[in-house]
Amino acid sequence: MKNVAVVGSQWGDEGKGKIVDWLSSEADIVVRFQGGHNAGHTLVIEGITYKLRLLPSGIVRKNKISIIGNGVVVDPWALLDEIDEIKSKGVTVSPKNLIISESANLILPFHKEMDEIREDAAGNAKIGTTRRGIGPAYEDKVGRRSIRVMDLVSEENLDHRLEIVLLHHNAIRKGLGKKVYKKDKLKKDLLKIAPEILKYSKPVWKKIDEFKSQNKKILFEGAQGVLLDVDHGTYPFVTSSNTVASSAATGSGCGPNSINYVLGITKAYTTRVGEGPFPTELKDEIGEELGTKGKEFGTVTHRKRRCGWFDGVLVRQTIKISGINGIALTKLDVLDDLDYVKMCVAYELDGNKIDYLPAAVDDQLKVKPVYKTFEGWKTSTKGIKNFKDLPDNAKKYIRELEQFIETKVSSISTSPERNDTILIEDPFKIN
Ligand code: IMP
């Protein structure tokens, strides 16, 4: 049995949607284990585009079970809207194919407001969040005052839990000169949708254990990327969850030995949305070209993504931190027209050469990339399905990249189309 975890190896938006879709066609179960509706995965299946935010990618396929694990923060209204949207495209969503952990923490309207209040007040220090309430919801989780899916079962319990969480939020809101948040209306609104949410609620750890004993293939679908991990990313310019592969175990309730292969989705260049350090960022016409050719606009917030050269130092680091066994290299075709392609192979910090990204944000902002330059291939790679058919210069770039990051390139994506992929090894079929 092989279970696969997929994570982004950069700052998110590596093109996980296409790869996860391909892998979810092989899997029986697809599990989201962290993040919330800050994620945006676009799938194109038989000409229909599905934009998923919270629902696992397995949902659009027949005979798959999709699971939202305990590590995910769930905005119940956003979830119900997404379910309605996907149903309107002919997809069936029922408790037979969707399970939500009873322990998942809820994102409530005051979390979203707090996210916005703080971002607006932060000026230059803003994080550039998706303003979905993700950070404030995770704060309440670790602060032990959160409302979880299971709290929707009893009105009395919900009332008590809301008292606790609002005591905290209203103290802050008053301090910031904002109106206090009223409990009764929120309670009423939550009780109204409770049956719709609770019908999907189950002990996810137990279901996963059952699926494992039935030898089902499980795909753990990560959101964002390792550089946005709250422990290992470019803190404080990160999201509020652990985006590394080991989080698949805690975020769904199975041991680390339930994950047999970790696939890191890696863009052939680098992008980032929101604020924060980005050593290889290009603020010139090449950066613009990458953005235009790569259609680098956010799925969730439609913000323009910052673009830059491939950063081998960073990807090598995230591979080690996340235990990535192989990478799926995406968007190679975006580099097709360039005269030359650069890869960052070291940094210079205060006159010294270093081979990793230091943890202090001031150092991260100061490092200067040391590049290796490759001749461009100036030929279309779009749609190529065999490695041998790639132009020689593209092969050279990929082979050197592979050597530098000390990890195998297990597939190469040559267009957004599902079949335009060079498959070197299938993570579900490795012994
Ligand atoms: P938050 O997750 O909304 O709190 O945002 C924190 C940081 O993570 C911001 O820089 C966001 O732009 C970034 N971020 C959150 N979700 C995604 C994603 O799915 N792709 C890329 N960046 C993301």
Calculate how steeply helix 109-121 sits against the longest principal axis of the alpha-carbon atoms of the chain, using the helix alpha-carbon long axis, and give the answer as 0 to 90 degrees to the nearest 10.
-> 50 degrees
D for the chain, whole µm²/s, Stokes-Einstein with Kirkwood Rh over alpha-carbon pairs at 20 °C and 1.002 mPa s: what number?
-> 96 µm²/s
Can you tell me the order of 408-415, 123-130, 142-149 when each peptide is scored by its average per-residue count of other Cβ atoms within 10 angstrom, highest first?
-> 408-415, 142-149, 123-130
How much net charge surrounds Ser146 when only the other residues with a Cβ under 12 Å from the Cβ of Ser146 are counted, with Lys and Arg +1 and Asp and Glu -1?
-> +2
Within the set of other residues whose C-beta is less than 9 Å from the C-beta of Val370, count the net charge using Lys and Arg as +1 and Asp and Glu as -1.
-> +2
Out of Asp231, Asp140, Asp284, a Gaussian network model of the chain with alpha-carbon springs under 10 Å gives the largest mean-square fluctuation to Asp284
Please give the peptides 188-195, 365-372 ranked by average Cβ packing (other Cβ atoms within 10 Å per residue), highest first, as a rough proxy for protection.
-> 365-372, 188-195
Beyond 26 Å (Cα-Cα) in this structure, taken from Lys64/Lys388; Lys2/Lys382; Lys89/Lys382; Lys16/Lys87; Lys320/Lys353; Lys192/Lys217, we find Lys64/Lys388; Lys2/Lys382; Lys89/Lys382; Lys192/Lys217
Measure up Lys283/Lys372; Lys141/Lys366; Lys368/Lys408 against 29 Å on the Cα-Cα distance and list the ones that go over.
-> Lys141/Lys366
Roughly what percent of Cα-Cα pairs across the stretch 260-338 reach past 18 Å?
-> 45 percent
Could the peptides 325-338, 262-275, 40-53 be put in order, highest first, of the mean number of other beta-carbon atoms found within 10 Å of their residues?
-> 262-275, 325-338, 40-53
In percent, what relative contact order does the chain have, based on Cα pairs under 8 Å that are 6 or more apart in sequence?
-> 20 percent
State, to one decimal in nm, how far the label point of Lys182 lies from the label point of Asp120, with both points 7 Å from Cα in the Cβ direction.
-> 2.0 nm
How big is D for the stretch 4-61, in µm² s⁻¹ as a whole number, if Stokes-Einstein is applied with the Kirkwood radius of its Cα pairs at 4 °C and 1.567 mPa s?
-> 110 µm²/s
Would you compute, from DSSP H runs of 4+ residues alone, the mean residue ellipticity of the chain at 222 nm, taking -39500 (n - 2.57) per run and dividing by the full residue count, rounded to the nearest 500?
-> -9500 deg cm²/dmol
Treat every Asp and Glu Cβ in the stretch 266-429 as -1 and every Lys and Arg Cβ as +1, leave all other atoms uncharged, and give the resulting dipole magnitude about the Cα centre to the nearest 20 debye.
-> 380 debye
In debye, nearest 20: dipole of the stretch 105-197 around its Cα centre with unit charges on the Cβ of K, R (+) and D, E (-)?
-> 240 debye
How large is log10 I(q)/I(0) at q = 0.09, 0.15 Å⁻¹ when the Debye formula is applied to the Cα atoms of the stretch 266-429, each weighted equally and without solvent?
-> -0.30, -0.85
With the dipole of the chain defined by +1 on each Lys or Arg Cβ and -1 on each Asp or Glu Cβ, the option from Leu186, Phe310, Ala122 whose Cα lies farthest towards the positive pole is Leu186
How much net charge surrounds Tyr340 when only other residues with a Cβ under 14 Å from its Cβ are counted (Lys, Arg +1; Asp, Glu -1)?
-> -4
Assign unit charges at the C-beta atoms only (+1 for Lys and Arg, -1 for Asp and Glu), then state the dipole size of the chain relative to its Cα centre in Debye, rounded to the nearest 20.
-> 1000 debye
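Just so you know, all these numbers are worked out from the coordinates, no wet-lab data involved. If you're wondering where the values come from, they're calculated on a predicted model, not measured in any experiment. A quick note on method: Cβ atoms are made from the backbone with ideal geometry, for glycine too, and the neighbour counts reach across all protein chains shown.
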